[in-house]
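Notes follow once the structure below has been shown.
The values are calculated or read from the model by the stated rules, or taken from the named source; none is laboratory data. In this text the structure is predicted, and so the values were computed from the model without any measurement. We place every Cβ from the backbone using ideal geometry, glycine too, and count neighbours over all the protein chains shown.
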């Protein structure tokens, strides 16, 4: 966030002429008149891409127009965010928004957008984090991991996807709460990170359940605990961190957003259609298998989530001195 002058999330009123034209088109049933774009800031085939494609497909069917997914990976989602913000604010350019929009604003000194530039439409899922361990480490449950880390103080490493990443912030928080010392190993690519973890070259990863579930189910990785308030239906055998006495409930989320100034009637229409998709049983089944929760929201609820994520991250960044130029 530029200058961190405040993450105001008040909706921006659209230009009168643009609103009138688009509002009239919507009233006449002509929106959408052309293909919509849903821009995803991460690679195709990944854990964020799959739900995005599901929503795009069903949303397109509901609207009577195709919704194509465009992957614009890089800079923790910033490239995709800037792409959408640079386009006309007419409801045809959508963003798969995530908690990274708030995290980036909280930890980067200079960032080319403000949270108030983003118009939330609806959340589509909430996911929790797993403390994941390589199978090569001689500690495969939470209690034995703590004992191992305290015995090998400063020798345990964890994966980070860059300075100020959610993975680094969560690992630092856990280290403080438990009194263990770990050091970060930076990675740029998810594939490299996961291959090294399976091979035992890195030991701990505090990341989304959806990014590790397949390898856990295949027996290639262990999950020591999760950050959800209760055990997850997909992995009921794994304890929560709160069960282990830690006041640690953390979640990430996925949503659909547009750029501020997108006419409110279009935001409202998209919100209704997206909520219908998220409530569908086949979407729920896909999301729950990844250890996530299907969860639609109002635009206002997602706006509050953006702000709360920003404020929580900013506080942690100040405590640990995390600041990215």
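Tabulated data
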| quantity | calculated |
| --- | --- |
| Residue check, residue 181 outside the structural domain of residue 314 (by TED's automatic domain parsing) and at pLDDT 95 or above | no |
| Wholly within region 210-325, strands (runs of 3 or more DSSP E) carrying at least 3 residues that are within 30 Å of residue 110 (Cβ to Cβ) and not assigned by TED's automatic domain parsing to the domain that holds residue 137 | 251-259 |
| Region 42-71, residues that are at pLDDT below 95 and either over 16 Å from the mean Cα position of the chain (by Cα) or assigned to a loop (DSSP other than H, G, I, E, B) (or both) | 42, 43, 44, 45, 46, 47, 48 |
| Test: residue in region 7-30 that is at pLDDT 95 or above and touching a helix residue (DSSP H, G or I) at 6+ places or on another chain (Cβ under 9 Å) | no |
| Within region 151-165, tally of residues that are touching a helix residue (DSSP H, G or I) at 6+ places or on another chain (Cβ under 6 Å) and buried (at least 21 other Cβ atoms within 10 Å of the Cβ) | 5 |
| Region 102-120 - residue that is modelled with pLDDT under 95 and in contact with a strand residue (DSSP E or B) (Cβ under 6 Å, 6 or more places away or on another chain) and, of those, surrounded by the most Cβ atoms within 10 Å (Cβ to Cβ) | 107 |
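Residues checked against (1) closer than 24 Å to residue 315 by Cα; (2) within 20 Å of the chain's Cα centre (by Cα):
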position: 89; (1), (2): no, no
position: 92; (1), (2): no, no
position: 100; (1), (2): yes, yes
position: 110; (1), (2): yes, no
position: 132; (1), (2): no, yes
position: 139; (1), (2): no, no
position: 150; (1), (2): no, no
position: 159; (1), (2): yes, yes
position: 166; (1), (2): yes, yes
